[in-house]
Number of protein chains: 4
Amino acid sequence: MVDSPSNKIPVTVLGATGMVGQQFVRLLASHPWFEITAVTGAGHSTGRPYAETTRWLEPEPIPDRIAAMPLRRPEPALGGRITFSALETDGAAAIEVEFARAGIVVISLSGAHRLEASVPLIIPEVNAEHLVLVERQRRERKWPGAIIANPTCGTTGLILAVAPLHRAFGIERMIVTSLQALSGSGYPGLSSLDVLGNVIPLIPGEEERIETETRRLLGQLQGTVVTEAPLAVGVHAHRVPVLDGHLQSVSIGFRRKSTPADAIAVLEGARLTPDISSLPSSPSRPVVVDSRLDRPQPRLDAGRERGMAAIVGRVRACPVLDLRLVVASHNRIRGAAGGAILTAELMNAKGFFNGTP
Amino acid sequence: MVDSPSNKIPVTVLGATGMVGQQFVRLLASHPWFEITAVTGAGHSTGRPYAETTRWLEPEPIPDRIAAMPLRRPEPALGGRITFSALETDGAAAIEVEFARAGIVVISLSGAHRLEASVPLIIPEVNAEHLVLVERQRRERKWPGAIIANPTCGTTGLILAVAPLHRAFGIERMIVTSLQALSGSGYPGLSSLDVLGNVIPLIPGEEERIETETRRLLGQLQGTVVTEAPLAVGVHAHRVPVLDGHLQSVSIGFRRKSTPADAIAVLEGARLTPDISSLPSSPSRPVVVDSRLDRPQPRLDAGRERGMAAIVGRVRACPVLDLRLVVASHNRIRGAAGGAILTAELMNAKGFFNGTP
Amino acid sequence: MVDSPSNKIPVTVLGATGMVGQQFVRLLASHPWFEITAVTGAGHSTGRPYAETTRWLEPEPIPDRIAAMPLRRPEPALGGRITFSALETDGAAAIEVEFARAGIVVISLSGAHRLEASVPLIIPEVNAEHLVLVERQRRERKWPGAIIANPTCGTTGLILAVAPLHRAFGIERMIVTSLQALSGSGYPGLSSLDVLGNVIPLIPGEEERIETETRRLLGQLQGTVVTEAPLAVGVHAHRVPVLDGHLQSVSIGFRRKSTPADAIAVLEGARLTPDISSLPSSPSRPVVVDSRLDRPQPRLDAGRERGMAAIVGRVRACPVLDLRLVVASHNRIRGAAGGAILTAELMNAKGFFNGTP
Amino acid sequence: MVDSPSNKIPVTVLGATGMVGQQFVRLLASHPWFEITAVTGAGHSTGRPYAETTRWLEPEPIPDRIAAMPLRRPEPALGGRITFSALETDGAAAIEVEFARAGIVVISLSGAHRLEASVPLIIPEVNAEHLVLVERQRRERKWPGAIIANPTCGTTGLILAVAPLHRAFGIERMIVTSLQALSGSGYPGLSSLDVLGNVIPLIPGEEERIETETRRLLGQLQGTVVTEAPLAVGVHAHRVPVLDGHLQSVSIGFRRKSTPADAIAVLEGARLTPDISSLPSSPSRPVVVDSRLDRPQPRLDAGRERGMAAIVGRVRACPVLDLRLVVASHNRIRGAAGGAILTAELMNAKGFFNGTP
């Protein structure tokens, strides 16, 4: 195992050269608890320094220590206590299993194991208690590590925003149009010729992902079983010419009647529990309500609260269901790397990495 | 009255220098039935040639005859049998009344009289029979002319697409996210600094307009009274960085159950009645169903059928209501000038302009 | 040889599925002299209908006759008297030679043979006389067909604009910043993540291409030898987020002194010779001077004259060299398919396709 | 005079609600030496809090202390030792004079006094010695304050980049194409309908501004007279759909021959003098040379070094003059508010604000 050059917890990043991988590198560069000890990339670039093989798309430069780090192949011998996986879903399944078998906690953005019954799908502010599935996973799979899944970027911001409403009024039905940023499809992603001055009405698989993950995230935990929440969700997912930041227009029908004023009060009153708010990457609040008429906007608002909160606006009655609102969130931070890091921080705070796995 | 230099019906265009006014000029330049005999503009440019006072934004040049035409003030002395009004709603109310009093048929894109009980709000393929309100209007207002209203650009394409479904299955509830093009707000409209790489979640008044007009357009005519259709519509209207072409994602609940296959059959089977299909500006069909997975797209599809049809795609089941689909339409053609001209053509075919008004 | 279904000259299009190939299909669909008898595409799609294998990016639909045409492999057995090659430079060299050996006239947009001494590089309005190189080519290469090259899209509009000035005043030095549209790099071309709200300062190889081709196109023909024009050209080539239409800012130093007024007079006086102006794809004039202060603009002006002219504006003195001006031209029409078709038309008018090759 | 709530030097910002004004507010919010004591805005919003009257376009929120500050009218009674003027050129002339008469040092981004013989036009790294003109100004104008001008945003980054080359080799001739960001024209600036997917070839007055200011900035100081540098500059200024960051392609002819390698060595060797490098807003170096082939790019590179440096790339020979290169710089930071603040810092370091004016 590679030694960490400090007392921090050694972590590795799989798929570190892509757009989300770069966010992991950026966000972990000066993390108070975690330290990157290895990064992996596609086979042909193995052995070359990270800086040479990465089309770095952030304004600030690559952190020096990572820039010089040679790209490695994704294998458990890399070491680390935690592995953040930004692998494509296709290749991720076997690799993530291998790491878990080797005793490493894999926090994965891939869809490879996301919906398995014993894999916790986590948004710390929403369903931290689902982490108990790790016990069942270790028991069933007989491995010392674990696989923890992050929702897809189209789900996280949405659920962060509506979870307080669900707790207060019970969401029964929800129709969402999700206007997703270009960075959500990775690099190179969409051709400029397709999307400049245009909207693409299809994001393959995304509608089903958001619908399924919503029911899982808001689902009930009994012992080590999560029962999907009994709610109907219908999503329209479109790609818009925005660099970063998803915008979602949402109509919701509740079990218990509520007015828009009630909903605003609940959203503005939403607070973090101390075990979350004390985490290094935590936003100051999960939901920011912006009362300006023409907000939130993805370019201006998705990055607020360091990109970790859901920004909600235009809360008003819906003539068909009960409530309409608009949510903006940062797909590469809250919806990807930042969300995964927050989950790792929560697990650390809960003692997951204290002893031997 | 200005003589028409031909046997065509003389028409005038109010607000001819704006983005929609330019579409009237372009579409009427070689119209087989109508001929522009006067154009009006803002007060300070009166008397100067159209070409000098207009920031022409079409690729093809200004038609020669119109280029040299002096801008006039909007007053009935301009003559013409028909007046197309592309005036802003604010100033339009009094002017349009004056024209109707003078015996001119005003086909208006403004919202000034759009929802008055005796003003027909017309989409020829959808509710041509509402034109009978003109009788009531003339009787009540005691004027020889008439005011006929066009729906707002966010309504027309949507209703053109869903009207066949309403006739077949009865729309009960509909939730729409309307992604509207920049040209919909006129020139100069939105600042490039606001909308480049961004989505603006608000279009003032547009949600209410689409909701109200939908109920009116699909309403029942009894005698000379239109009763609003008893359906619930909830709209989210956003501005996206697209030049021309609105894209709308729609979820619909029907009174009579239907499958997506039923809906596709209805949409593909939608045909124009001969009295519409014989009009010069008519599309070949009101709805084009595009089965490609990632269509329709506003930039590629809104201009099909000369911009006069609704292009529908992604017809599939909705987990909350019954059906989901996506509609693209051309906001400045079908949603504005082209739609108004089609209405004028229909009125002409029905003999409205045969005798003295 | 595939029979042409008419009396038109049978032509084939190599690389017909790409962005430029699509322009060939569109422009040739109703051509009065030429008729497409075969189209080729990448190996794996051979045999399937054109419509199924092409990501068609034009607003109007694929012409019916071509839509159903099966994609073929690029081999001389396809027949045709003329082959338009939209192949990538890499694969084009051998294939184009094979066609020429089989007696076919290849008009190529690829760079494969562009700078060979016996290959005419042609802009009909500029150097039609260079076509005489075909004699030398046939003699030297001992083939009955021919290869004729089109300049790269960054060169054609520029030289169309400045050639009248060169004839009048003798260009000695020229500095050009070429702002090139996304479609110039083919599909998918640049990632939307790179170019949205950005300018990319590099277009690999383009600066050298424009510099070399300029000297060749303006070169002197003696017998069957073209001597490069003795002028210095320096180009900065950048990619901008524009769909179609290159914009070039040009500073020129002349051998014979001239004022901006002289230059404007020359550009406005530029006329086509009758042998060009009678060709079906000819613009009405090679250069359109637009005196509006903020024109030409690529989106509004590149398509004027059916995309076949150079639009020039902002003609003014240069404090360093003699003259400054701005040129817009359509890179996929004049700079690619349209330019190649015009060359074929010229060759036909000169009798190249009258007898056996 | 309003008391500063700290020991910092009290400063005011004129025109604080615009896009550049917002940069002043952002950059001065936590400045170690200066503290905003008043902000001014257009007449009709006087008295209302800054946050209510400003269309704030920065991602981070308005600094609390400023958000609550009431907008004032621009009059010397506002106090402050330094006034940063982001006024439009039209209204600025008289107001800035009034402030100087009242003993205040006005550092102005307006063009009102920019080219007057006794007004120093300053880029600290380039011509700090021109500040001596203040003596002459005070003597001639008989006022205790001073007016110091900032170059226009199209000039600063360019001259920051080429000044080391001028010192080393003597610039004789320079041709520049300046691709300028939308924010350079203030809010609302260009209509989205004009500039989306387009390039506008005209920026009124900008070419002349850059040409004149270049000769002034590189001019020779003798006593208190600046003689314009004897060099020829020709500029093409275009607006491109980029939010922030100007990109300029530059061809230069030198008095003393130099190779691209010489030029790169000079640019990479350019260092700040200690009196500049110790200023709070100073970049770590004036010029950053980026050797990546496709850099600099305005969106990715203009913000490097906190937006205060010129980023240079593509340094290569020019076939017409001697050298070609590309420069990116941040128009609202280095080219506006950041540059003005750096000048104020330099003046403070030189003791301008030590005693009574």
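The values are calculated or read from the model by the stated rules, or taken from the named source; none is laboratory data. Please read these numbers as outputs of a predicted model, since none were measured by experiment. Note: ideal-geometry Cβ built from the backbone for every residue, glycine included; neighbour counts use all protein chains shown.
Filter the range C:117-140 down to the residues that are among the acidic types (Asp, Glu) and free of Cβ contacts under 8 Å to residues at least 12 places away in the same chain and list them by number. Once the filter is applied, which keeps residues that are among the acidic types (Asp, Glu) and free of Cβ contacts under 8 Å to residues at least 12 places away in the same chain, the range C:117-140 yields nothing. When B:Gly157 is tested against (1) closer than 24 Å to B:Gln23 by Cα; (2) more than 14 Å from chain D (Cβ to nearest Cβ); (3) touching a Leu at 6+ places or on another chain (Cβ under 6 Å), just one condition goes unmet, and that condition is (3).
Residue count for the range B:88-106, restricted to those that are at pLDDT 95 or above and either outside the structural domain of B:Ile36 (by TED's automatic domain parsing) or charged (D, E, K, R) (or both): 3. Restricting attention to the range A:306-337, the residues being touching a Ser or Thr at 6+ places or on another chain (Cβ under 6 Å) and surrounded by fewer than 24 Cβ atoms within 10 Å (Cβ to Cβ) number 2. Being touching a residue at least 12 places away in the same chain (Cβ under 8 Å) and at positive phi is a property that does not hold for C:Gly43. Here B:Phe24 meets the list (1) on the phi > 0 side of the Ramachandran plot; (2) in a helix (DSSP H, G or I) almost entirely, failing just condition (1).
When you scan the range D:169-243 for strands (runs of 3 or more DSSP E) that lie fully inside it, which ones turn up with 1 or more residues that are acidic (Asp, Glu) and modelled with pLDDT of 95 or more? Walk me through it before giving the result.
Values: elements: D:171-180, D:220-222, D:225-227, D:232-239.
In the range D:169-243, the matching strands (runs of 3 or more DSSP E) lie at D:171-180.
Within the range A:269-280, the residues that satisfy the criterion of being under 27 Å from A:Arg314 (Cα atoms) and surrounded by fewer than 16 Cβ atoms within 10 Å (Cβ to Cβ) are A:Gly269, A:Arg271, A:Thr273, A:Ser277.
Of the strands (runs of 3 or more DSSP E) that lie entirely inside the range C:264-357, not one contains 1 or more residues that are in contact with a strand residue (DSSP E or B) (Cβ under 7 Å, 6 or more places away or on another chain), more than 14 Å from chain D (Cβ to nearest Cβ) and of a type in the set (Lys, Arg). Within the range D:174-195, the set of residues being in contact with an Asp or Glu (Cβ under 9 Å, 6 or more places away or on another chain), within 7 Å of another protein chain (Cβ to nearest Cβ) and surrounded by fewer than 22 Cβ atoms within 10 Å (Cβ to Cβ) comprises D:Tyr187, D:Pro188. Just one of the numbered conditions (1) under 18 Å from C:Leu217 (Cβ atoms); (2) in contact with a His (Cβ under 7 Å, 6 or more places away or on another chain); (3) not β-branched (Val, Ile, Thr) is not true of C:Gly307: (1). Filtered by the rule that a residue be assigned to a helix (DSSP H, G or I) and crowded, with 24+ Cβ neighbours inside 10 Å, the range B:113-132 gives B:Pro124, B:Glu125. Entry remark, the range A:96-112: residues being out of contact with any Ser or Thr (no Cβ under 9 Å at 6 or more places or on another chain) and part of a loop (DSSP other than H, G, I, E, B) number 1 in total.
Here the range C:228-263 is the region considered, the condition is being of a type in the set (Ser, Thr, Tyr) and more than 22 Å from the chain's Cα centre (by Cα), and the residue that is nearest to the other protein chains (Cβ to nearest Cβ) is C:Ser251. So which residues in the range D:73-90 are free of Cβ contacts under 8 Å to residues at least 40 places away in the same chain and surrounded by 17 or more Cβ atoms within 10 Å (Cβ to Cβ), if there are any at all? D:Pro76 - this is the single residue of the range D:73-90 that is free of Cβ contacts under 8 Å to residues at least 40 places away in the same chain and surrounded by 17 or more Cβ atoms within 10 Å (Cβ to Cβ).
Being more than 19 Å from C:Leu165 (Cβ to Cβ), touching a helix residue (DSSP H, G or I) at 6+ places or on another chain (Cβ under 8 Å) and in the same structural domain as C:Pro164 (by TED's automatic domain parsing) is the requirement here; does C:Ser282 meet it? Please lay out each step first, then the result.
Numbers: more than 19 Å from C:Leu165 (Cβ to Cβ): yes; touching a helix residue (DSSP H, G or I) at 6+ places or on another chain (Cβ under 8 Å): yes; in the same structural domain as C:Pro164 (by TED's automatic domain parsing): yes.
Here the answer is yes, as C:Ser282 does meet what is asked.
The residue that is surrounded by the most Cβ atoms within 10 Å (Cβ to Cβ), among those in the range B:217-252 that are out of contact with any Pro (no Cβ under 8 Å at 6 or more places or on another chain) and of a type in the set (Ser, Thr, Tyr), is B:Ser251. D:Trp143 meets all of the listed conditions (1) assigned to a loop (DSSP other than H, G, I, E, B); (2) within 14 Å of another protein chain (Cβ to nearest Cβ); (3) in contact (Cβ under 8 Å) with a residue 40 or more places away in the chain but one, namely (2).
Of the listed requirements (1) within 18 Å of D:Asp322 (Cα to Cα); (2) among the basic types (Lys, Arg); (3) modelled with pLDDT of 95 or more, D:Arg295 misses just one: (1). The C-beta contact set for the range A:176-204 (first residue within 19 Å of C:Val195 (Cβ to Cβ), second residue assigned to a loop (DSSP other than H, G, I, E, B) and among the basic types (Lys, Arg), distance under 7 angstrom, 6+ apart or interchain) comprises A:Ser183/A:Arg332; A:Tyr187/A:Arg55. Scanning the range B:339-357 for residues that are surrounded by fewer than 24 Cβ atoms within 10 Å (Cβ to Cβ) and small (Gly, Ala, Ser) turns up B:Ala349, B:Gly351, B:Gly355. A:Ser4 fulfils the conditions (1) modelled with pLDDT of 95 or more; (2) within 19 Å of A:Asn348 (Cβ to Cβ) except for a single criterion, (1).
No other residue among A:Ala93, A:Ala51 is free of Cβ contacts under 8 Å to residues at least 40 places away in the same chain, more than 30 Å from A:Gly157 (Cα to Cα) and not in a loop (DSSP other than H, G, I, E, B) apart from A:Ala51. Being in the same structural domain as C:His166 (by TED's automatic domain parsing) and within 30 Å of C:Asn7 (Cβ to Cβ) holds for only one residue in C:Thr273, C:Thr259, and it is C:Thr273.
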